[in-house]
1. Within the bounds of segment 120-129, is there any residue that is surrounded by 19 or more Cβ atoms within 10 Å (Cβ to Cβ), at pLDDT 90 or above and among the hydroxyl-bearing types (Ser, Thr, Tyr)?
2. Which one is modelled with the lowest pLDDT among residues in segment 144-170 that are in a helix (DSSP H, G or I) and open to solvent by less than 100 Å² (accessible area, probe 1.4 Å)?
3. Strands (runs of 3 or more DSSP E) wholly in segment 33-103 with at least 3 residues that are buried (at least 19 other Cβ atoms within 10 Å of the Cβ) and touching a Ser or Thr at 6+ places or on another chain (Cβ under 9 Å) - which ones?
4. Looking for something over 12 Å from Asn147 (Cβ atoms), over 11 Å from the mean Cα position of the chain (by Cα) and modelled with pLDDT under 90 - is there at least one such residue anywhere in segment 73-85?
5. I need the full set of residues from segment 131-153 which are within 18 Å of Gly113 (Cα to Cα) and charged (D, E, K, R), in order please.
6. Take the residues in segment 106-121 that are in contact with a strand residue (DSSP E or B) (Cβ under 9 Å, 6 or more places away or on another chain) and in a loop (DSSP other than H, G, I, E, B); name whichever of them is farthest from Thr140 (Cα to Cα).
Amino acid sequence: MNATASDGNVLINPNYGGATVNYGPLSTGISVIRHGIARQLLFPVAGSYVAKPIDDGLTVSNYNTPGASMSVTLPAVSTVNVGWSMGFASDNGKGMTITATSGSIISGGKSVGSITMGAGNYEYVRLQSDGNNFRIVSSTRNTRLANGFEPPPWPSNWLFPAGSGYAANLSDKRQRSI
């Protein structure tokens with residue numbers, strides 16, 4: 001096959017696809033659809049990754065990333081189809097920052113331009129395009145907590161004054177005192 005580079009060219013479950021690289025900035029423009037997990041995981045060896053529309057369904061892990069953190073830039077929302085999704089996993093004690101170049105990252109009632117995954121053992125988030133923004137469709141609890149998409153556990157908004165008297169302030173809104 002000899003075809004112009006385009007993400008409209010597809011090889012379905014090929015026995016051999018030559019030197020076809022079908023993800024991100026290394027993409028040759030030919031999408032390879034195959035069963036199994038090999039196509040779905042990517043472990044970049046660089047400190048940053050620029051996602052492309054052809055990365056639909058891919059999960060990027062920062063396991064092999066040098067340094068303490070990896071940054072990922074999402075494609076413009078207008079360049080991906082509705083339903084386009086991509087997963088991100090922080091691993092090996094390294095953090096990750098995911099930034100939307102257009103639109104926002106949305107979960108519940110909160111809308112942000114970027115999210116951060118901590119340098120814990122493992123955090124995960126999957127984003128999906130709705131045509132205008134990227135929505136979080138699944139994530140680990142720590143990712144939701146760290147980015148303010150989920151309220152912290154119950155006792156975290158309690159104050160424990162050292163003295164016997166306590167004068168409430170306006171800044172104490174939503175705090176409870178014992």
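1. yes
2. Asn157
3. 85-91, 95-99
4. There is no residue in segment 73-85 that is over 12 Å from Asn147 (Cβ atoms), over 11 Å from the mean Cα position of the chain (by Cα) and modelled with pLDDT under 90.
5. Arg135, Arg144, Glu150
6. Among residues in segment 106-121 that are in contact with a strand residue (DSSP E or B) (Cβ under 9 Å, 6 or more places away or on another chain) and in a loop (DSSP other than H, G, I, E, B), the one farthest from Thr140 (Cα to Cα) is Gly113.
The values are calculated or read from the model by the stated rules, or taken from the named source; none is laboratory data. This structure is a prediction, so every number in the text was calculated from the model and none was measured. Cβ atoms come from the backbone with ideal geometry, glycine included; neighbour counts cover every protein chain shown. The protein model used for the area step is the full one, side chains on, heavy atoms only, and it has no ligands, DNA or RNA in it. Shrake-Rupley method; radii C 1.70, N 1.55, O 1.52, S 1.80 Å.
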